[in-house]
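K.L.:
Following this message is one structure expressed as structure tokens.
The values are calculated or read from the model by the stated rules, or taken from the named source; none is laboratory data. These numbers were taken from a predicted model, which means no experiment stands behind them. Virtual Cβ from ideal backbone geometry, glycine too; neighbours counted across all protein chains shown. The protein model used for the area step is the full one, side chains on, heavy atoms only, and it has no ligands, DNA or RNA in it. Shrake-Rupley method; radii C 1.70, N 1.55, O 1.52, S 1.80 Å.
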Amino acid sequence: MPATDYQGSFLGRISIRRNQVMSMEGNHEQEIEDLEMFQKHVADRFADLLSPQPSEEAPAQTLCSISWIRKLLDVFLCCDAEFKAILIMGRDPSQIIKPPLDRLIPELLDRAVKALDICNAITNGIEAVKHYQKLAEIAVTALEQRPFGDGQVKRAKKALNSLIAAMSCEDKDGNNYTRTWSFGRRGAAATSTKCTGQLRSLSWSVGRNWSATKQIHAMSANLVAPRGAESSGLALQVYIMSTILVSVMWAMVATIPCQERTGLATHFPVPKQLSWAHSMIALHEKIGEEWKKKEKKGSAGLLEEMQKLEKLGQSLIEFTDNFQFPAEDERAEEVTAQVAEMAETCRRMEEGLVPLQMQIREVFHRIVRSRAEFLDALDSTGKVSATAI
Amino acid sequence: MIWDAGPREVSDYLGAVDEVQTLIESLGSLSMSENGEQKELLYQVDNLLQVAMSRLEEELIHILVQHKQYFEPEYVSFHSCQEDVVYDESMVSLEDESVEEASRRVSSGSVSGENIIDLIDPRVIPDLKAIANAMFASNYDPEFCEAFICARKDALNEYFILLGLDIFSIEDVLRMKWSTLSSEIKKWNWAMKIIIRVYLASEKQLCNKILGGFGTVSSFCFVEIARASLLCLLNFGEAIAMGSIQPEKLFRLLDMYEVLDDLLIDIDCLLFEEAGSYIRIEFHELLRKLGHSARQTFLKLQNAIVSDTSMKPLPHGGIHPLTRYVMNYIKTLTIYDDTLNLLLEHQNMEYTNSVVESEIEQELSSITFCPLACHLCSITSALECNLVKRSRLYKEDSLQHIFLMNNIHYMVQKIKNSDLSLFFGDEWIRKHNGKFQQHETAYQRATWCSVLSFLRDDGLVSNSVFKVTCKERCRDFTAAFEEVYKIQTQWSIPDSQLKEDVLISTSLKVIHAYRSFIGRHHISDKHIKYTADDLEKLLLDLFEGSRRSLRNSQRR
């Protein structure tokens, strides 16, 4: 992946130069150069996400597919590494407690904590996606059976109905998060309720009243582009990194089932004239539009694989509803193609979801570590601890 | 429900399912000639099978829900009166008793050893197995697993509620006020033991009982059931490990460390298969983080002591809250000595790489040379330095000495009368006994030398003025004594034994000098305000911590 390539060389270059220890007034030219490089890399990486160029290793990923999200997270990890290299590595920590950084860094760290909760909520959301995958797999197994009979069609229908119900009740304000608790008390009668037939087990992982939308709003509330003298230099870098953090988290929330997402599609508060942000804004608009469309219908998220399951699922349900033995050949062919597509989607999910979950955990740990590094740097400037005795 | 109707119905039903399966097999094995009738029959049987499987799935869910059982642990209150060792800036002295209370560790509760319980009524296990066998035989295993996983996951979620476990976001935890956080940590420690050692161990066994015959299915299902809940427990730990470093957190951090350290072997057992390995690794990683956090907190204590300064002297020269805090704190630490030594040794390995040092360490393997002992010594040294600085805030030399005497004496007592003595050793105690005694002597000199100088004979030469001078001197002495009385009755020596010692040696010196002065110069009672006995009684009022005056008060 190209992102990792230039990350390596960039970090190398920075660390060599940093070793020469920058003086307090800072090597200003170098700093400007760093900043320009950082902006360029950010712009390039997001441009690549917006319109992925197929390469030899990876065919072009569709927007919002599992592999695309994994690439998005790669971009985040690269940007974070570069950001830290510029801001912390070899720098006199006293520089990061000067205004306006004394305000901006704590704000960034606050966003980081919120991002951690989003990561956890998303990890939990992937559990739901795995559940959809299992249901789809049952349908695939049934419909792949030959000869093709009433029994298997019924089996597929049951699984598909559960799938569609699970995916659509997912989004009714995330209410299923609390509903599952009452399942036991209602006993097996639960099979007749809204979520038709399937036991739904998706607990909240980040607290009862937690809301992804609120979290995203809180992260972007005080996100203001630096102006005047601040609009270059370290303040801008903190701003860029914050923007990346918010937009990556936002994209994940929009694609993967997540607790409480009403009103998620909102204005992305980044000034359009900033060149590094062009692709990011375009990406946001593109996903935002999709979200608005889907939000009305109510869907579990924009994840490409999920949308595919939904579309194929509905079509196959229609088929099973009208199925009469024996199947007409023409229709059967069409169904075979759809089943194959569904099987292929399931395969991609099987391959991608666990690594995605791991990668989210990696992002989680990275954010924790970056936060700790900043806190250490801040701490070392605070009280220069009098070494006693 | 069939399974509610009785064993006969059940066996009839299962028998019928079996027949259907056999029929499908035999029909399938017949090569599919274009025999329309045969084909027709197969479709019908297939349809029948679907109906049966669907029914079995419902029965399965019904049984899982109706026959689930919970292990209800003894109720434990985490909001008890136990207080943590907290340094109260408002100088409200910390009652030693409450600290002793606080040092009680989270009770290990009733959870120990192998605690497998029945999460499902054992009488229905054969039924569940029968359903599993029937569904797996007809390739309906995905349906079985999904239903089973969902039902058991729900049961586990409900168990969290039953245990009163709230799930917090990391943001919540980081913002929590300490008292709440402390009780949540205690709850976590308690819940971890129950959930890992009892509940999940039993869950794993349940999976094995029902699905043991189907290869890796059993462990796959177990991990699916447990993962989300384990991640919740894990994330609470992560939040604690990334929280700010505050001295009062140390004991809770050490509690968590010890609990997790103890449970890791169980976690490894539960998740040794591939499916759960990533969570297993996360828990190992969490242990490392908690250890790091605990170590940092401990190492910060010394800095906290050094930087704890004040511009105002402690009134009355008694025992400073910082002294109480630090001593009670390190006294509590001794119950964590093994863990702390481990963590500190680990730190030494991280930061020093000399082989020689470790050899020396081995030779001096006595407890007084363990890493914890070294750190404790430097903590008390830091405290001493801090106290010396604080003593300089007093204007009177005498009070400086009283303050230092009081505080060092307190330190010595705390160490002598607890396990701390093992870490500090006799040599330390001897040295510090000497120290506070020196301050006592210095006090005697600073206060009483000048007062007693009035009673000395040198300079009294001429016989004619002699009588007058003696009376004057006596008066001056009385005035000086009253002044001391007025001031030093406010001062305080909280330890009664120590006070008695100070008063006895004062009394010996003062009364002796006074009595012999009066006797030597034959001063009549008319000219003296206080008899020697009066003085002796008055001396007993010193160091009571409440101001008294002799001039205006009515005597006798």
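K.L.:
Could you list, in sequence order, all residues of region A:117-160 that are assigned to a loop (DSSP other than H, G, I, E, B) and of a type outside the set (Lys, Arg)? Break it down stepwise before answering.
P.N.:
Of the residues in region A:117-160, the ones assigned to a loop (DSSP other than H, G, I, E, B) are A:145-149.
Those that are assigned to a loop (DSSP other than H, G, I, E, B) and of a type outside the set (Lys, Arg): A:Gln145, A:Pro147, A:Phe148, A:Gly149.
K.L.:
Given the conditions (1) open to solvent by 10 Å² or more (accessible area, probe 1.4 Å); (2) within 20 Å of the chain's Cα centre (by Cα); (3) of a type in the set (Gly, Ala, Ser), report the number of the one that A:Ser275 does not fulfil.
P.N.:
Every condition holds for A:Ser275 apart from (2).
K.L.:
Of the conditions (1) open to solvent by 10 Å² or more (accessible area, probe 1.4 Å); (2) assigned to a helix (DSSP H, G or I); (3) facing chain B (nearest Cβ under 10 Å), A:Leu108 clears all except one; give me its number.
P.N.:
Checking A:Leu108 against (1) open to solvent by 10 Å² or more (accessible area, probe 1.4 Å); (2) assigned to a helix (DSSP H, G or I); (3) facing chain B (nearest Cβ under 10 Å), the one that fails is (3).
K.L.:
Another question, if that's okay. Is there a residue in region B:443-451 that is more than 20 Å from B:Asp501 (Cα to Cα) and either out of contact with any Phe, Trp or Tyr (no Cβ under 8 Å at 6 or more places or on another chain) or at pLDDT 95 or above (or both)?
P.N.:
Yes; the residues of region B:443-451 include at least one that is more than 20 Å from B:Asp501 (Cα to Cα) and either out of contact with any Phe, Trp or Tyr (no Cβ under 8 Å at 6 or more places or on another chain) or at pLDDT 95 or above (or both).
K.L.:
I would also like to ask the following. If you take the residues of region B:210-233 that are surrounded by fewer than 18 Cβ atoms within 10 Å (Cβ to Cβ) and not polar (S, T, N, Q), which of them is nearest to the chain's Cα centre (by Cα)? Steps first, please.
P.N.:
Residues of region B:210-233 surrounded by fewer than 18 Cβ atoms within 10 Å (Cβ to Cβ): B:212-216.
Still in the running and not polar (S, T, N, Q): B:212-215.
Numbers: B:Gly212: 41, B:Gly213: 45, B:Phe214: 45, B:Gly215: 44 Å.
Applying the filter and picking the extreme gives B:Gly212.
K.L.:
Within region A:284-304, how many residues turn out to be within 16 Å of the chain's Cα centre (by Cα) and either closer than 22 Å to A:Pro226 by Cα or not in a helix (DSSP H, G or I) (or both)?
P.N.:
From region A:284-304, those within 16 Å of the chain's Cα centre (by Cα) are A:284-288, A:290-291, A:300-304; that's our starting set.
After this cut, where a residue has to be either closer than 22 Å to A:Pro226 by Cα or not in a helix (DSSP H, G or I) (or both) as well, the list is A:284, A:300-303.
Counting residues in region A:284-304 that are within 16 Å of the chain's Cα centre (by Cα) and either closer than 22 Å to A:Pro226 by Cα or not in a helix (DSSP H, G or I) (or both) gives 5.
K.L.:
Does B:Asn189 fit the bill of being in contact (Cβ under 8 Å) with a residue 40 or more places away in the chain and open to solvent by 10 Å² or more (accessible area, probe 1.4 Å)?
P.N.:
On the way: in contact (Cβ under 8 Å) with a residue 40 or more places away in the chain: yes; open to solvent by 10 Å² or more (accessible area, probe 1.4 Å): no.
It is false that B:Asn189 is in contact (Cβ under 8 Å) with a residue 40 or more places away in the chain and open to solvent by 10 Å² or more (accessible area, probe 1.4 Å).
K.L.:
Could I ask something else about it? Go through region A:111-129 and give me each residue that's at the interface with another protein chain (Cβ under 8 Å from one of its Cβ atoms) and farther than 21 Å from A:Lys84 by Cβ.
P.N.:
Quick first cut of region A:111-129, residues at the interface with another protein chain (Cβ under 8 Å from one of its Cβ atoms) only: A:113-114, A:116-117, A:120, A:123-124, A:127.
Correct list: A:Asp117, A:Asn120, A:Thr123, A:Asn124, A:Glu127.
K.L.:
Just one of the numbered conditions (1) hydrophobic (A, V, I, L, M, F, W, C); (2) touching a residue at least 12 places away in the same chain (Cβ under 8 Å); (3) open to solvent by 30 Å² or more (accessible area, probe 1.4 Å); (4) facing chain A (nearest Cβ under 10 Å) is not true of B:Trp178; which one?
P.N.:
So B:Trp178 meets the others, but not (4).
K.L.:
While we're on this one: Looking at A:Gln338, A:Gln314, A:Gln307, which is the one that is over 24 Å from the mean Cα position of the chain (by Cα) and open to solvent by less than 60 Å² (accessible area, probe 1.4 Å)? Can you show your working first?
P.N.:
Numbers: A:Gln314 fails: open to solvent by less than 60 Å² (accessible area, probe 1.4 Å); A:Gln307 fails: over 24 Å from the mean Cα position of the chain (by Cα).
One residue alone meets the criteria, A:Gln338.
K.L.:
If you don't mind, another one. Taking B:Ile279 as the residue in question, decide whether it is within 12 Å of another protein chain (Cβ to nearest Cβ) and either of a type outside the set (Asp, Glu) or within 30 Å of B:Lys395 (Cβ to Cβ) (or both).
P.N.:
Numbers: within 12 Å of another protein chain (Cβ to nearest Cβ): yes; either of a type outside the set (Asp, Glu) or within 30 Å of B:Lys395 (Cβ to Cβ) (or both): yes.
Judged against the criteria, B:Ile279 is a match.
K.L.:
Any residue in region B:151-164 that is touching a helix residue (DSSP H, G or I) at 6+ places or on another chain (Cβ under 8 Å), open to solvent by 30 Å² or more (accessible area, probe 1.4 Å) and at pLDDT below 95? Step through it out loud before you land on a result.
P.N.:
First, the residues of region B:151-164 that are touching a helix residue (DSSP H, G or I) at 6+ places or on another chain (Cβ under 8 Å): B:151-161, B:163-164.
Restricting the remaining residues to those that are open to solvent by 30 Å² or more (accessible area, probe 1.4 Å) gives B:161, B:164.
Now restrict to residues that are at pLDDT below 95: B:161, B:164.
Checked region B:151-164: at least one residue is touching a helix residue (DSSP H, G or I) at 6+ places or on another chain (Cβ under 8 Å), open to solvent by 30 Å² or more (accessible area, probe 1.4 Å) and at pLDDT below 95.
K.L.:
Filter region B:298-318 down to the residues that are open to solvent by less than 10 Å² (accessible area, probe 1.4 Å) and either within 13 Å of chain A (Cβ to nearest Cβ) or charged (D, E, K, R) (or both), then identify the one that is nearest to the chain's Cα centre (by Cα).
P.N.:
Taking region B:298-318 and keeping what is open to solvent by less than 10 Å² (accessible area, probe 1.4 Å), we get B:298, B:301, B:305, B:317-318.
Next, only the ones that are either within 13 Å of chain A (Cβ to nearest Cβ) or charged (D, E, K, R) (or both) stay: B:301, B:305.
On the way: B:Leu301: 15, B:Ile305: 19 Å.
This residue is B:Leu301.
K.L.:
Which of the residues that make up region B:486-502 are crowded, with 18+ Cβ neighbours inside 10 Å and assigned to a helix (DSSP H, G or I)?
P.N.:
Matches in region B:486-502: B:Gln488, B:Leu498, B:Val502.
K.L.:
Test each condition in (1) closer than 27 Å to A:Thr141 by Cα; (2) away from chain A (no Cβ under 14 Å); (3) out of contact with any Phe, Trp or Tyr (no Cβ under 6 Å at 6 or more places or on another chain); (4) modelled with pLDDT of 95 or more for B:Leu200 and report the one that comes out false.
P.N.:
(1)
K.L.:
If you go through region A:220-266, how many residues are out of contact with any helix residue (DSSP H, G or I) (no Cβ under 9 Å at 6 or more places or on another chain) and not in a helix (DSSP H, G or I)?
P.N.:
The total comes to 1.
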